[in-house]
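Worksheet: the structure to be examined is printed underneath.
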Amino acid sequence: MLRKRLMKAGILLLGLIVISSTGYRLLGGSSVGFLQALYMAVITVAGVGYGEVVETANNPALRVFNIFVVLFGVAVTVYVFSVVAAFIVEVEATNPFWRRRMQKKINELKGHYVVCGLGDTGRHAVEELHKTGTTYVAVEISEDMIKKWRELHPDLFNNMLYVVGDATEEEILEKAGIERAKGLITALPHDKDNLVVTVVARQRFPGMRIVARSAEQKFSDRMLRAGANATVSPSRIGGLRMASEAIRPDVVGFLDLMLKEQSQTLRVEEIEIAESSHWVGTTLGALKMNSKYNLLVLAVKQSAGTSSRKLWVNPPESLTVQGDTAIIVLGDLKDIRQARHDARPGLMAAP
């Protein structure tokens with residue numbers, strides 16, 4: 001598409017110079033040669049400001065013609081420069097040096113997420129990761145898809161780290177740093193491909209969290225048996241959302257406001273408490289989650305990562321925090337990050 005625009009711009013510029021040269025020669029009289037007419041056309045279209053090679057002062061018809069050449073020349077020149085600039089940006093984005101530089105950045109990542117597929121589902125996953133400040137690498141087989149999202153959302157996709165290739169191939173996942181990743185989101189358009197990615201990732205990384213897109217229930221069951229921690233059906237989520245809009249519109253409105261609020265990034269998140277954290281043995285009341293971190297504790301899940309996890313909804317402040325626990329909170333992401341930082345092993349307990 002961009003190359004066609006570049007060709008069109010070149011034809012426009014060449015056509016304008018040919019027409020201008022012909023006009024200067026015909027209207028300028030027998031004293032105007034081909035080289036003079038061509039030179040006059042070039043400096044007029046380019047707007048370089050040199051003196052007139054073909055005199056127009058005593059030739060009204062030629063002066064009127066020159067006015068139109070100047071007007072069309074400015075428009076065509078601006079168009080040509082914009083197309084050339086866009087072409088240079090595209091070449092820079094696809095040249096080997098830029099790719100090597102991006103791959104070097106990916107190789108330095110650790111604890112990031114790999115998102116396979118930038119279709120309608122994967123794109124929204126990337127937007128949420130970007131909004132919450134979560135490091136990720138996208139894997140997309142179609143570079144045209146990446147260009148499309150760049151044009152629609154330049155603020156998000158221009159600085160995105162990505163790998164072009166088939167996510168079902170192990171070497172492509174390795175380029176995305178799958179061996180150093182914290183989790184995997186596979187949102188490819190076909191369930192079979194998501195199943196393959198799940199199997200490949202689970203065989204190599206037993207402890208990785210894998211979330212897979214599944215359009216059909218039979219594939220959802222297969223993905224779970226293959227090792228996916230969770231599957232998401234866009235059609236099922238859409239149906240639940242429609243029902244919620246009908247029967248609990250105020251709740252849905254609150255959640256929408258929470259997700260779309262620009263001044264704050266309110267989310268329901270979990271704070272994982274390791275066995276060696278100084279928070280272990282401290283009550284929720286002593287941690288002052290509300291007064292110190294401005295966080296609302298919604299629930300506590302013990303033994304995170306195991307099949308038997310005990311859940312306390314709206315836990316009392318007297319509840320003692322144990323190791324291998326997840327505290328589920330509602331609040332701004334910056335406050336949640338601070339609480340996670342303070343809960344890390346090696347730090348002093350909260351006063």
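Okay, here's what the table says:
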| read-out | value |
| --- | --- |
| Residue in segment 222-236 that is over 18 Å from residue 121 (Cα atoms), in contact (Cβ under 8 Å) with a residue 24 or more places away in the chain and of a type in the set (D, E, K, R) present | yes |
| Residue 271 being at pLDDT below 95, touching a helix residue (DSSP H, G or I) at 6+ places or on another chain (Cβ under 8 Å) and surrounded by 13 or more Cβ atoms within 10 Å (Cβ to Cβ) | yes |
| Residue 155 vs. criteria at pLDDT below 95 and within 24 Å of residue 215 (Cα to Cα) | no |
| Contacts under 6 angstrom Cβ, first residue in segment 184-195 being surrounded by fewer than 24 Cβ atoms within 10 Å (Cβ to Cβ), partner assigned to a loop (DSSP other than H, G, I, E, B), 6 or more apart | 189/119; 191/214; 191/215; 191/216; 193/168 |
| Subset of segment 318-344 [under 14 Å from residue 274 (Cα atoms) and small (Gly, Ala, Ser)] | 323, 326, 339, 343 |
| Residues of segment 173-209 that turn out to be closer than 14 Å to residue 136 by Cα and β-branched (Val, Ile, Thr), as a count | 3 |
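Residues are listed down the side, and each one gets a yes or a no for (1) assigned to a helix (DSSP H, G or I); (2) in contact (Cβ under 8 Å) with a residue 12 or more places away in the chain:
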site: 40; (1), (2): yes, yes
site: 45; (1), (2): yes, yes
site: 48; (1), (2): no, no
site: 58; (1), (2): no, no
site: 64; (1), (2): yes, no
site: 69; (1), (2): yes, yes
site: 73; (1), (2): yes, yes
site: 81; (1), (2): yes, no
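The values are calculated or read from the model by the stated rules, or taken from the named source; none is laboratory data. As the structure is a prediction and not an experimental result, all values here were calculated from the model. Don't worry about glycine lacking a Cβ; one is built from the backbone with ideal geometry, like all the others, and counts go over all protein chains shown.
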